[in-house]
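Student: My questions will all concern the structure given below.
Rule-based calculations on the coordinates, nothing more; no lab input. Fair warning: this is a prediction, and the values are worked out from it, not measured in the lab. No Cβ is skipped: glycine too gets one built from the backbone with ideal geometry, and neighbour counts run over all protein chains shown.
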Amino acid sequence: MQKPLDNAELDAALENVCQAGMPGVFAEVRAGDDVWRGAAGVADVETGRPVTADLRHRVGSITKTFTAAAVLRQVENGEIGLDTPIGHYLPRLVPGERGDAITVRMLLDHTSGLAEYLPYAYPSLSAFPDLAKTGPESFDDHRFTRFDPVDLIGMGVAAPAVGTPGGTPGLYSNTGYLLLGQLLEHVTGTAAEKHITRDVIERAGLRDTGFPEGAHVDGPHSRLYESWFGMIDPPRDYSVFDMSWVGPAAALVSTVADLNRFFRLLHAGEIVSRTSLEQMRRTVRVISQEGKLIDYGLGLHPVEAPGQARFWGHGGTVWGGGALAAIRADGERQLAVGMNLQRWNRLDTAGAPQPHAIDRALAAFQQVAMYG
């Protein structure tokens, strides 16, 4: 039996996230036809402007689910083979034996063995993910840098491999999703962002979702505060930032309502076929950017608590902004949440992020939202 939403409990749990130190947080939770939307805190710490549940927001790597859906639709059309080597389509970008060994599926589930380009594009992150040896200096240097995805891919391909093609655990990497963007452009003749917009976003009827053309977010939105593990104190606003450094891997702007609509339609087989959805839910073991071992499918991963029902979705972070969207396996409960502070944890002497009250408060809100 579907457990109804407790609005007061959800309001209180969201407010607790702000009390723990988050400037602003907003969310939409759905249980069947029952919908709750809430917001707590501020969108601008200087003016005190409040956050609202309808704000447009940078959703980071949730973009990967949209890109994966666009690729699966081309698989259904016969234009892309899931187990075809990427070198068959893009031999200049991934040449030689690796191009012959790395398949489209491996790019989607992060088992290609290709390195993450991020430390090469942002020099101060050269030790990433060794956080104690990184710094935030490159953020300001590249606020308005317009990156070419081919150059970024080249950085990842030229870097030492992080695994063998198809080997597990894989390593979460944006390089593969930039390659998938180039693959979409190759087979459709249209830039990836424009194709994803037409074939996925517009197909789903998402009115407040899209790829920004410049460094600004159009429409009402929050400032985005980056702390980089206490190295930026007080946290600095990076809501104005050119997102060409991630493109079809993490550049999307959306709302919590649009995210829930997208995952609802995806789950119902209205974006890709149910056969394709089954492929998206076939998981392998992957090491996340946080160094944790997770299950990951084709642009989707399970979100669950021990002994509780499984949800499917994706999380995302950019400089200053974070989001999570997930839908229960039976389609009867959903959560989408956005927040405007990132990397709030300080580092211990070993360079590992220390637990923070925000972590506990977010986990408690997620528990209430997903399970009641």
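Student: If the elastic network links every pair of Cα atoms under 10 Å, which of Val162, Val17, Val71 fluctuates the most in the Gaussian network model of the chain?
Tutor: Val162
Student: Now for a separate question. Compute a Gaussian network model of the chain, connecting alpha carbons closer than 10 Å, and tell me which residue from Pro136, Pro306, Pro95 fluctuates the most.
Tutor: Among Pro136, Pro306, Pro95, the largest mean-square fluctuation in the Gaussian network model of the chain belongs to Pro306.
Student: Can you give me the distance in nm between label points at Arg274 and Asn77, each placed 7 Å from the Cα along the Cα-to-Cβ direction?
Tutor: 2.4 nm
Student: Using 1/(1 + (r/R0)^6) with R0 = 45 angstrom and r between the beta carbons of Ala12 and Arg207, what's the FRET efficiency to the nearest 0.05?
Tutor: The formula returns an efficiency of 0.90 here.
Student: Spelling out what I want: for every residue of region 215-226, take phi, set θ = phi - 60°, compute 6.51 cos²θ - 1.76 cosθ + 1.60 (Karplus), and round to whole Hz; glycine and proline get x.
Tutor: 8, 9, 8, 6, x, x, 7, 8, 5, 10, 9, 9
Student: Would you grab the residues whose amide H sits under 5 Å from the one on Gly113? Only those 5+ places off in sequence or on another chain, please, with H modelled 1.01 Å from N.
Tutor: The list, which skips near neighbours in sequence, is Gly166, Leu171.
Student: For the modelled label position 7 Å from the Cα of Glu137 along Cα-to-Cβ, which residues of region 194-235 have backbone nitrogen atoms closer than 11 Å?
Tutor: Within reach of a label on Glu137: no residues.
Student: Please list, in order along region 197-208, the HN-Hα scalar couplings obtained from phi with the Karplus expression 6.51 cos²θ - 1.76 cosθ + 1.60 (θ = phi - 60°), rounded to whole Hz, x for Gly and Pro.
Tutor: In residue order, the calculated couplings are 4, 6, 8, 10, 5, 5, 4, 7, x, 8, 7, 10 Hz.
Student: Mind checking the dipole of the chain: about its Cα centre, +1 per Lys or Arg Cβ, -1 per Asp or Glu Cβ, Debye to the nearest 20? List each step's numbers first, then the result.
Tutor: Working: 33 positive and 44 negative charges, 98 e Å.
For this selection, approximately 460 debye.
Student: Quick one: Karplus J couplings for region 103-112, per residue in order, coefficients 6.51, -1.76, 1.60, θ = phi - 60°, nearest Hz, x for Gly and Pro?
Tutor: So the Karplus estimates, Gly and Pro as x, are 9, 4, 4, 5, 5, 5, 9, 6, 10, 6 Hz.
Student: Of Ile271, Ile80, Ile327, which is the most mobile in a GNM of the chain whose springs link Cα atoms less than 10 angstrom apart?
Tutor: Largest GNM mean-square fluctuation: Ile80.
Student: Amide H to amide H under 5 Å from Tyr225: which residues, 5+ apart in sequence or cross-chain, H placed 1.01 Å off N in plane?
Tutor: Tyr238, Leu341, Gln342
Student: Can you tell me which of 275-283, 42-50 comes out highest on packing, and rank the rest after it, using the mean Cβ neighbours within 10 Å? The partial results should precede the final answer.
Tutor: Details: 275-283: 16.8, 42-50: 14.4.
Put in order of decreasing packing, that is 275-283, 42-50.
Student: Just want the ordering: Ser112, Ser273, from fewest to most Cβ atoms lying within 10 Å of their own Cβ. Let's see the in-between values first.
Tutor: Numbers: Ser112 32, Ser273 14.
Result, fewest neighbours first: Ser273, Ser112.
Student: Still on this structure, please answer the following. Sum -39500 (n - 2.57) across every DSSP H segment of at least 4 residues in the chain, then divide by the residue count to get the 222 nm mean residue ellipticity, nearest 500. Don't skip to the answer; put the middle values down first.
Tutor: Values: 13 runs with 115 residues, N = 372.
Only helices count here, giving -8500 deg cm²/dmol.
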